[in-house]
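Undergrad: Mind having a look at this structure? Questions to follow.
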2 protein chains.
Amino acid sequence: MSDADPTSRLRERGGRARRLREAQRPNEIVAGIVRNIPTYELLGEEGLARIEAAADVILKEIGIEFRGDEMALKLWRNAGAAVEGERVRFPPGLLRSILKTAPAAFVQRARNPARSLKIGGDGVVFAPAYGSPFVQDLDGGRRYGTLADFENFVKLTYATPWLHHSGGTVCEPVDVPVSKRHLDMVAAHLRLSDKPFMGSVTAEKRAEDSIEMARIVFGRDFVDAHCVVMGNINANSPLVYDGTMSKALRAYARANQCAVVVPFILGGAMGPVTSAGAIAQSFAETMAGCALAQLERPGAPVVFGNFLSSTALRSGAPTFGTPEPALGSLVVGQLARRLNLPLRCSGAFTSSKIPDGQAMQESTVSMLAAIQCGAHFILHSAGWLEGGLVMGYEKFVMDADFCAALHVWMRGLAVDDEALALDAFREVGPGKHFFGAAHTLAHYETAFWESAVADNNSFEQWRDEGMKDARMRAARRCKKMLAEYEPPKLDPAIDEALADFVGRRKAELPDQWV
Amino acid sequence: MSDADPTSRLRERGGRARRLREAQRPNEIVAGIVRNIPTYELLGEEGLARIEAAADVILKEIGIEFRGDEMALKLWRNAGAAVEGERVRFPPGLLRSILKTAPAAFVQRARNPARSLKIGGDGVVFAPAYGSPFVQDLDGGRRYGTLADFENFVKLTYATPWLHHSGGTVCEPVDVPVSKRHLDMVAAHLRLSDKPFMGSVTAEKRAEDSIEMARIVFGRDFVDAHCVVMGNINANSPLVYDGTMSKALRAYARANQCAVVVPFILGGAMGPVTSAGAIAQSFAETMAGCALAQLERPGAPVVFGNFLSSTALRSGAPTFGTPEPALGSLVVGQLARRLNLPLRCSGAFTSSKIPDGQAMQESTVSMLAAIQCGAHFILHSAGWLEGGLVMGYEKFVMDADFCAALHVWMRGLAVDDEALALDAFREVGPGKHFFGAAHTLAHYETAFWESAVADNNSFEQWRDEGMKDARMRAARRCKKMLAEYEPPKLDPAIDEALADFVGRRKAELPDQWV
C-alpha cells in the first residue's frame, strides 16, 4: 500500500473507469438479476412438513372468510370447498390442486421491452417501497407525501439501474383525492418511467382503471396475452379477505394480470406470537388468495407473498430487522419453493425514524433475508422508514446502493483459472505486493464492487470534506439524480390517449378524501 | 392494535418483564452460543476441490518463507518439507497429515469456570475488536487510545453478556511503552474481567510473559493441561511468516495454548484481486501456520483464521461489508469444515469513520457472513470503525446489541405444537385479534427479541424524546454500563502475585516506544 508508483497507476486507471461507470449508470438497463447462488435452507423436511400440515388443519377446521364477495363464494363452492355463510373451509389438497395452473415463473412486460422482467425461477427483481403516507428528507423533514413526491420517487427509481421495477404506491399522494389518486399514480409510472409497475387495488374499479391504462399503452390483445401490471393484494389477517381485496384480486386475474397475494401478520395481533404458527397461517392465507386467482382465470400469474413482523414488548409496535422475521422468511422461501410459485418476501425494513445506524442495520438484515430465502420479487427494496409510514429520500438512495451490492452478491463466487490466479502467485512470490502484477492490472477495475454512498477515504480526507455521514452523502446524490433525470421517450399519441383517459375518469369520479 | 385494554395489559406485563431482564443482564453468564442453525453452503464440491488444489500448487511450487526463525525451518525439515534458505515447500498432503493432531474443538478455560468457552464444533464465541490505535466517542471525538480506554473496553465487554470473550488488544494503550504494554493489558483482562482472553504476540518474550501471568492465576499444571489464553498470529501475506510471529506462535503452542492463525489479505496488495485466488492463498498460509503449531507441540489447540478484504478502486483503501469478502467468508467456512478445524472469520467491519448508516450496514453484512459461514470464534464482533484504526465506544454498544440478536438467530426456528399454535387459531378465529389469546399471553414476553438500542416508538414519542439517533442512544447506554460496572472477585493473593510479576518485569524492561 505504501508504494506510490503502482497505486497511482491504478488510481488513474480506476478514476477513468469509475467516471465512465458513473456516467453510464442512469441509462444502463439492468433487467433483473439472474440468481447464481443457492438459497439458505433453514429447516429440514420434518419441520416443513409440520408447518404445511398445520396450514392444512387451519384451512380445513377454521377456514377463511371471504366477506362481501358473492362471486368469490360461488367460485369456491364450484371448486369443491365447504362454504357456510362467508366462511370457506378447504378439504386437504384442494388448494394445491387448484394452484397447479399457476405459472412457476412468468415475464412482466415493460413498455420498453428491454426492461421486461422474469418473475420466478432464477430471476430476482427489486422494487421500491410501497404505501407510505409520509415522506422525509434532510431539508424538509417528515411531511405528508404529495403527487410531486410520488413523481420524484418514480424518477429516482427510473434513474436507479439496481431497481428493476417501478413499484406501485411509492408514496401516497395525499394532495389528490383518494378516488382519483390511482389515475395520477399509474400515469406517472407509465410516463416518467418505462419499467414494469403496479396498479391500484383499493377498489375493483380502480384496479380495472389501472389495467385499462396499461391497455392504452400496450394494446388490448397484448395485455390479454401478457402480464403488464401487478396488483398487491393484502389478506385481512387473520383468515379474512374483504371484498375490496378479493374483487381487486379477481380483476387482475380476469385480465391475465398478476396478483401479488400478501398477508401482513404482526405477531400477537393478526396472528400468533410464535413464528411457526404465523408462517402456517400466512401459508394458508396466501394459498387461498393465489388459488382464487386461478379459479377466476386458470393460468393467471400470481406471486406468493409474505410479510412477517415481530413486535416490541413494551408498546406492541412492530419491530423490523429482528431475528424472528428473518428466520421466518427463510422458511417461507422453502415453503414457496415446494409450491413452485414465485415468491415476494421481505424488503429493506426498519422502525427507525431516520436513516441512521439502526435503520441500515435493520434494513440490511431484512434484505439479506430476502436474498437468502430465495425471494423473486422484493418490494420495499428502497426507501422504507418508520415501519412503512415514511418514504425517505436519503434512505432510498442508501438502500438502492445496497441493491447494487446485491447484484454482485448474487453472481456468486467465480472459481476458474483466471480467478484462482496461480500465474499471479508465480509472478509475485512471497513477501512482494500484487499492485503491479499483470493479473491485478487485468482485473482491478472489475474485481470489487464499489459503493456510491460509502466513504472509504482516510479520516483526514473525510474530515477535510466536512465529516459527512452516510445520510448527508446520500442527500447530495439524491439531488443530483433528480436534477439529471430525463424521461424515457413516449409516443405522443399514447401520451395524449393516457391524458384523455385520466381526464375523462377524473371528470366522472367524485372527489373523495377517505 | 387499536384495542386499548388487551395491549395495556400486555404492556404492563411486558414492562415488568423487561425491567427484570435489563437488571439481570450485567450479571448474566452466557458462555458462548450453541449453534442450532445450518451453515450456508455457497460452493459445491467441484469449486471447493479446485480451491484446495490451487492451495496445494501454491504450497508445492511457490512455498512459504519463514524468516528469522531457525527452529521453524528445522521443524519443517524434520517433518519432510523441502527447505531452501528460508523458503519452505510442502509436498501435497504433508500439511493435512500434520494437522491431524489438531483438535476439532477445545475449551478455553476462564478464571470463572462458568465462563469457559467451547471453541469449535457447535460453539460460537463473540469477542470485541482488536488492535486499533485510536478510540472514539461522541464526547471526545477521535484520539489515541490509552490504558484507561483499554480498561474501559475490558469493563464494557465484561458487562456485556453477549460478548463471551474478553478479546486481546481491545485498543492500543499508547500511553504505555510498547515494551511494557502487554503486561498492563493482560493484567486488565485478568483483573477487570473473568472471561477468557488473548495475550500478546508482538514478541516471543511478551507471549511468554502473557502465558506466565495466566499461570499465576490458573496454576502451572492446569495451564499445561488446558487452554487458558490465545495468541492472534498474523501471517505476513503473501506467503511469509516473520520470526516475531512464528516464534510467538510456537510459544503459545509450546505451552499448550491456542494460536489463532490469520492471514490478512487485502486483495490487489497482499494477494490477488480475485476472491478464489485470495482464498486459496489464505488457505495455504493458515494451514502452514496451524501445522507449525502442531510440529511444536502435537495436539496444541489452533484456530483456523481468515481475514479477507476488498479495496476501493480510487484509493486502493480497504473496503468492508462488500459482497466479495462476504461470499469469500462463506467459502472459507466450507474449507475449514473440510479440514475439521475451529474457524475464526469476519467481524463487525466497516470503513466508516463514525457509527452511521454506512457503518451499521457494512458491519451487519460482515457479521451475518460470520454467522452463516460457520465461524466459531468471531473476533472484532464489537467496536470496529475506520478499517480497524478506531475502537468506537458507541459502535461497541451498537454492535454488542446486534450480538444479542444473533443469540436468538442461532437458536433457529422452533416447530413444535406450542409454536404452531393451532389452539390459538381455534380460540381466535377469522378477523379477530390475538392480543388476549391464552397462547399470546403465555408466550408474549419471550416471543420476540428486543433491542436495547433501537427505537421502535412512534414518531411523536421519538420526537418528544429529543429525536435521538441510534448513536446518541448508544452513548447513553455506554456511560450507564461504565458507571454501573463492578469488577469480578479476585483472590487478593493472586492479585498481589500478578502485581508483583508486572512490577518486576516492568523494572527489568527498558521503555521502548516503537
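No value in this document is a laboratory result; all are computed from the given coordinates. Note that this is a predicted model, so its numbers are computed, not measured. For neighbour counting, all protein chains shown are included, and Cβ atoms are generated from backbone atoms with ideal geometry for every residue, glycine included.
Undergrad: May I ask which of A:Lys468/B:Lys479; A:Lys479/A:Lys506; A:Lys155/A:Lys480; A:Lys118/A:Lys195; A:Lys353/B:Lys468 have a Cα-Cα span longer than 21 Å here?
TA: The pairs that break the limit, which is 21 Å between Cα atoms, are A:Lys468/B:Lys479; A:Lys479/A:Lys506.
Undergrad: Quick check: net charge around B:Leu75, other residues with Cβ under 14 Å of its Cβ, Lys/Arg +1 and Asp/Glu -1?
TA: In short, +2.
Undergrad: If one takes the longest principal axis of the Cα atoms in chain A, at what angle in degrees, from 0 to 90 and to the nearest 10, does the Cα axis of helix A:178-192 lie?
TA: Once rounded, the angle reads 40 degrees.
Undergrad: Mind jotting down the distance between the C-alpha centroids of the range B:191-264 and the range A:150-185, whole Å?
TA: That distance is 59 Å.
Undergrad: Distance from a point 7 Å along Cα→Cβ of B:Glu46 to each backbone N in the range A:411-453: keep the residues under 20 Å and list them by number.
TA: It comes to A:411-422, nothing else.
Undergrad: Taking N as the number of residues in the range B:411-503, what is its alpha-carbon radius of gyration divided by 2.2 N^0.38 Å?
TA: 1.92
Undergrad: Right, another one. Report the FRET efficiency, 1/(1 + (r/R0)^6), for B:Thr446 and B:Arg314, where r is their Cβ-Cβ distance and R0 is 51 Å, rounded to 0.05.
TA: 0.60
Undergrad: On to the next question. To the nearest 10 degrees, how steeply does helix A:470-484 sit against the main Cα axis of chain A, on a 0 to 90 scale?
TA: Roughly 80 degrees between the two axes.
Undergrad: Divide by every residue of chain A the summed helix terms, -39500 (n - 2.57) for each DSSP H run of at least 4, and state the resulting mean residue ellipticity at 222 nm, rounded to the nearest 500 deg cm²/dmol.
TA: -15000 deg cm²/dmol, from helical runs alone.
Undergrad: For B:Ala114 paired with B:Asp221, estimate the spin-label separation in nm (one decimal), with each label point 7 Å from Cα along the Cα-to-Cβ line.
TA: Reported label-point gap for B:Ala114 and B:Asp221 is 2.7 nm.
Undergrad: Inter-copy label distances at A:Asp224, 7 Å along the Cα→beta-carbon direction, one decimal in nm, shortest first?
TA: 9.1
Undergrad: Treating the point 7 Å from Cα along Cα-beta-carbon as the label, what are the nm separations from B:Thr146 to the other copies, to one decimal?
TA: Label point to label point, same position, other copies: 5.3 nm.
Undergrad: Pop a pseudo-label 7 angstrom from the Cα along the beta-carbon direction at both A:Glu427 and B:Arg297 and give the gap in nm to one decimal.
TA: With each label placed 7 Å out from Cα toward Cβ, I get 4.4 nm.
Undergrad: Can you sort A:Arg426, A:Arg504 by how many other beta carbons sit within 10 Å, fewest first?
TA: A:Arg504, A:Arg426
Undergrad: Quick one: with label points 7 Å out along Cα→Cβ, list the inter-copy distances for A:Asp491 in nm, shortest first?
TA: 9.0
Undergrad: Using only Cα atoms and rounding to the nearest 10 degrees, what angle (0 to 90) does helix B:323-339 make with the longest principal axis of chain B?
TA: 70
Undergrad: Let me ask another. Give me the one-decimal nm value for the distance between modelled label points at A:Ala105 and B:Arg338, 7 Å along each residue's Cα-to-Cβ direction.
TA: For A:Ala105 paired with B:Arg338, the spin-label model returns 2.9 nm.
Undergrad: If you don't mind, another one. Got a sec? How would A:Arg143, A:Arg206 order by Cβ neighbour count within 10 Å, fewest to most?
TA: Final ranking by Cβ density, sparse to dense: A:Arg143, A:Arg206.
Undergrad: So, one more: Give me log10 I(q)/I(0) at q = 0.19, 0.21 Å⁻¹ for the range A:187-291, Debye formula, one equal scatterer per alpha-carbon, no solvent.
TA: -0.87, -0.98
Undergrad: Determine which residues of the range B:181-212 fall in the zone a paramagnetic label at B:Arg504 would reach in this model, i.e. backbone nitrogen under 13 Å from the point 7 Å along Cα→Cβ.
TA: Those under the cut-off are B:209, B:212.
Undergrad: Which whole-angstrom value gives the distance between the alpha carbon centres of the range B:471-505 and the range A:364-435?
TA: That distance is 40 Å.
Undergrad: Report, in debye and to the nearest 20, how large the dipole of the range B:146-303 comes out about its Cα centre when Lys and Arg carry +1 and Asp and Glu carry -1 on their Cβ.
TA: That gives a dipole near 180 debye.
Undergrad: Wrap a convex hull around the Cα atoms of the protein assembly as shown, take a quarter of its surface area, and give that in square nanometres.
TA: In nm², the orientation-averaged hull projection of the protein assembly as shown is 39.5.
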